[in-house]
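Structure first, then comments.
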Amino acid sequence: MHARQAMMTSEVFGDNLKKVMPAICPDGSDSGMFDNCLELLVLSGRSLPHAVMMMIPEPWQNHESMSPEKKAFYEYHRCLMEPWDGPASISFTDGIRIGAVLDRNGLRPSRYYQTKDGLVIMASEAGVLEIPAEQIEYKGRLQPGRMLLVDTELAGGGGRGD
């Protein structure tokens, strides 16, 4: 990001773009730098899931069953920024949507349950909360570069997020 910020332009920020530089706080932690970049992408007009997919893309280049549209998304965005490689399991929210994504190498565990009453629980290991088996609708784990996304505004809920 530091190398690319000299080339940055923005219709959204206009001349005020200079005020947000450096885009990444050089003294910050890895997590803080990730947050800086994510915030910049979202404030410049991208949705939160879009920005996260830019930062942590799926391993798409040799993915035979991925749609051409999705491959085109990743191919276009690789021209804008390099992937933020892990190892990392990242959770994020904008207060309405709550999500998690696993780095492309898949080196961190992230398991989740969806209960029949609509509760979603994600943690690094299965069984962090005792949930009776009869209440579990679905069990899953994040796949490398894939996203779990829960939209709390959707009425009725349901469905798998990844």
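Take the chain and mark each of the GluC sites (Glu not before Pro) that is in a DSSP loop with at most 10 other Cβ atoms within 10 Å; the longest unmarked stretch, sites excluded, is 65-124.
What longest range of the chain stays clear of loop-exposed trypsin sites (Lys or Arg not before Pro) (DSSP non-H/G/I/E/B, at most 12 other C-beta within 10 angstrom)? Could the numbers behind the result be given before it?
Details: sites that count: Arg4, Lys116, Arg160.
The reported range is 5-115.
For the chain, the square roots a ≥ b ≥ c of the C-alpha gyration tensor eigenvalues yield an a/c of 1.5 or more together with a/b exceeding b/c, which makes the shape prolate.
Taking label positions 7 Å along the Cα-Cβ direction at both Leu107 and Lys19, the computed distance is 3.9 nm, reported to one decimal.
Tell me, what is the per residue accessible area of the chain in Å², probe radius 1.4 Å? Working shown, then result.
Numbers: 10310 Å² over 162 residues.
That works out to 64 Å² per residue.
For chymotrypsin sites (Phe, Trp or Tyr not before Pro), no site in region 54-106 is both called loop by DSSP and has at most 14 other Cβ atoms within 10 Å.
The values are calculated or read from the model by the stated rules, or taken from the named source; none is laboratory data. As the structure is a prediction and not an experimental result, all values here were calculated from the model. Cβ: placed from backbone, ideal geometry, glycine included. Neighbour counts: every protein chain shown. Please note that ligands, DNA and RNA were not included when accessible areas were found on the heavy atoms of the full protein model with its side chains. Shrake-Rupley method; radii C 1.70, N 1.55, O 1.52, S 1.80 Å.
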